[in-house]
Amino acid sequence: MGITDILNRTYVSWMDAAGPESDIVISTRVRLARNLNQLPFPHLTDEATGKQLMQKIRAALPENEEGIFRGLELVSLSQLSPLDRTILVEKHLISPEHAESNSPYRGVAVNYDGSVAIMVNEEDHLRIQCLLSGLQVNQAYKYAQTVDDKLEESLDYAFDSRRGYLTACPTNVGTGMRTSVMLHLPATAMTNQINSLIQNVTQFGLTVRGMYGEGTEATGRFYQVSNQVTLGQTEEDIINNLWTVVIQIVEQERYLRNGLLKEMKFQLEDRILRSYGLLTNARMITSNEALGLLSDVRMGMDLGIITWVNRQVLNELIVAIKPAHLQKAAGKEMDPVERDLKRAEIIKEKLTGKKQ
Ligand SMILES: Nc1ncnc2c1ncn2[C@@H]1O[C@H](COP(=O)(O)OP(=O)(O)OP(=O)(O)O)[C@@H](O)[C@H]1O
């Protein structure tokens, strides 16, 4: 029960849709950036220090422990194929930049259900991530803290009493914490209110990114909202601020959805049912088209228009239709046409429960 298991199945725990507000908040992530004293930051590291760091972290991870530590084992990126590294990106367990490396001195540890993932030698020596379903900022922070405390029992962190945790990029100094939520905002997007939302959240020290984080565009219907500031605020301030803003975004999205349902009931039902029809009948489908249609079906489910699909299936599909997951499922490399065929097949099967 370790990373192999995570790589061989689509499901990880953030997809269970069991968390609060999971009609709109898909997942919550808390990540802590940490570095070890006396060792240069990753971008200045040579082979010898890279190796030393991997050894120290491997030794610091608890063995045979239960709870959130179950299955947590450090694997070098060189031990994973490019496809498997992309699988981890598609599941949101490592960043796209980390996946580009095949260095033996960079690594990843993932627990049994993907709720804890640790990147080693990414931008910082350690990036501890906790990822949960729905809006669970406090719980995700609690998990991250538990992992952090456990590692700190045997690692000497770079910490300055005035500045806080020291990090490779000055924007992370202080708490070293980024808290974020992945939101599904179709009504906000359909009513052209995304730009004003972006402006509003910026005023609260938050930032809006695309589905795959830094450098990915905030377009479509899925958005990641996170704190921009790590210095001069406590972890509790950051969490409370994010929670307060997100609750308002959630309420606004629900209000807009209900408005659409009231004002254009038949058009909305038509659009959603057509989207379902396309998803369950297409012979070939691209990733972008599928994501847009899945977003419609998800909203249809939330509004009670589609009653026969469950949210976990939709969360799993968001990931199962990505290129690396499709190729893993097919057991071979595929060109774009083959992927479009396979994608259509998987969607049909998951939505209708019928094998082709
Ligand atoms: N709430 C969330 N749910 C699922 N995945 C998330 C969430 N927030 C971030 N991620 C994923 O984490 C990865 C990193 O995201 P991002 O670049 O925003 O953060 P970071 O690396 O911690 O920040 P930094 O820019 O400070 O390095 C991305 O793959 C992104 O998809």
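The numbers here are math on the coordinates, done by the rules we state, and not lab data. None of these values were measured; they are calculated from a predicted model. With ideal geometry, Cβ positions are generated from the backbone for all residues, glycine too; neighbour counts draw on all protein chains shown.
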Next on the checklist: To the nearest 20 Debye, how big is the dipole of the chain about its Cα centre, given +1 on the beta carbon of each Lys and Arg and -1 on that of each Asp and Glu?
Outcome noted: 940
Checklist entry - Using modelled backbone amide H atoms (1.01 Å from N, in-plane), which distant-in-sequence or interchain residues come within less than 5 Å of V75's amide H? => result V108, A109
Checklist entry - For the chain, modelled as a GNM with alpha-carbon contacts under 10 angstrom, which of A344, A48, A290 fluctuates the most? => result A48
Item to check | For the stretch 104-114, 3J(HN,Hα) per residue [Karplus equation, 6.51 cos²θ - 1.76 cosθ + 1.60, θ = phi - 60°, Hz, x = Gly/Pro] | outcome: x, 9, 10, x, 8, 10, 10, 7, 4, 10, x
Item to check | Where labels lie 7 Å past Cα in the beta-carbon direction, separation of M264 and T202 in nm | outcome: 2.8
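Could you give the dipole magnitude of the stretch 262-352 about its Cα centre, charging the beta-carbon of Lys and Arg +1 and that of Asp and Glu -1, in debye to the nearest 20? Present the calculation step by step, with values, prior to reporting the outcome.
On the way: 15 positive and 13 negative charges, 27 e Å.
In total the dipole reaches around 120 debye.
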Item to check | FRET E, pair R162, N64, Förster distance 25 Å, beta-carbon r, rounded to 0.05 | outcome: 0.05
Checklist entry - PRE reach from Q79 (point 7 Å along Cα→Cβ): which of the stretch 14-55 fall under 12 Å by backbone N? => result 55
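Which whole-number percent gives the relative contact order of the stretch 262-352, counting Cα pairs below 8 Å spaced six or more residues apart?
Worked out over the stretch 262-352, it gives 38 percent.
Suppose every K and R has +1 on its Cβ and every D and E has -1 on its Cβ; what is the size of the dipole of the stretch 3-174 about the Cα centre, in Debye to the nearest 20? Spell out each step's value before the answer.
Working: 16 positive and 24 negative charges, 43 e Å.
Dipole magnitude for the stretch 3-174 comes out near 200 debye.
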Checklist entry - Between Q203, S161, P104, whose Cα lies farthest towards the positive end of the dipole of the stretch 94-237 when Lys and Arg beta carbons carry +1 and Asp and Glu beta carbons carry -1, centred on the Cα centre? => result Q203
Checklist outcome for this item: Using alpha carbon centers only, the stretch 233-259 is separated from the stretch 71-88 by a whole-angstrom value of 34
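What full-extension length gain, to one decimal in nm, is calculated for D237 and K355 as 0.36 nm per residue of separation minus the Cα-Cα distance? Provide the component values of the computation, followed by the final result.
Numbers: separation 118, 0.36 × 118 = 42.48 nm, distance 4.90 nm.
Between D237 and K355, full extension yields 37.6 nm more.
Beyond 34 Å, what percent of the Cα pairs of the chain remain? Walk me through the intermediate numbers first.
Working: 17025 of 63190 pairs.
Of all Cα-Cα pairs in the chain, 27 percent lie more than 34 Å apart.
Work out the FRET efficiency for E251 and S287 from their Cβ-Cβ distance, taking R0 = 45 Å, and round it to the nearest 0.05.
Details: r = 31 Å, r/R0 = 0.68.
That gives a FRET efficiency of 0.90.
Calculated from DSSP H runs of 4 or more alone, at -39500 (n - 2.57) each and per residue, what is the 222 nm mean residue ellipticity of the chain, nearest 500? All intermediate terms of the calculation are to be shown ahead of the outcome.
Details: 13 runs with 161 residues, N = 356.
Mean residue ellipticity, 222 nm, calculated: -14000 deg cm²/dmol.
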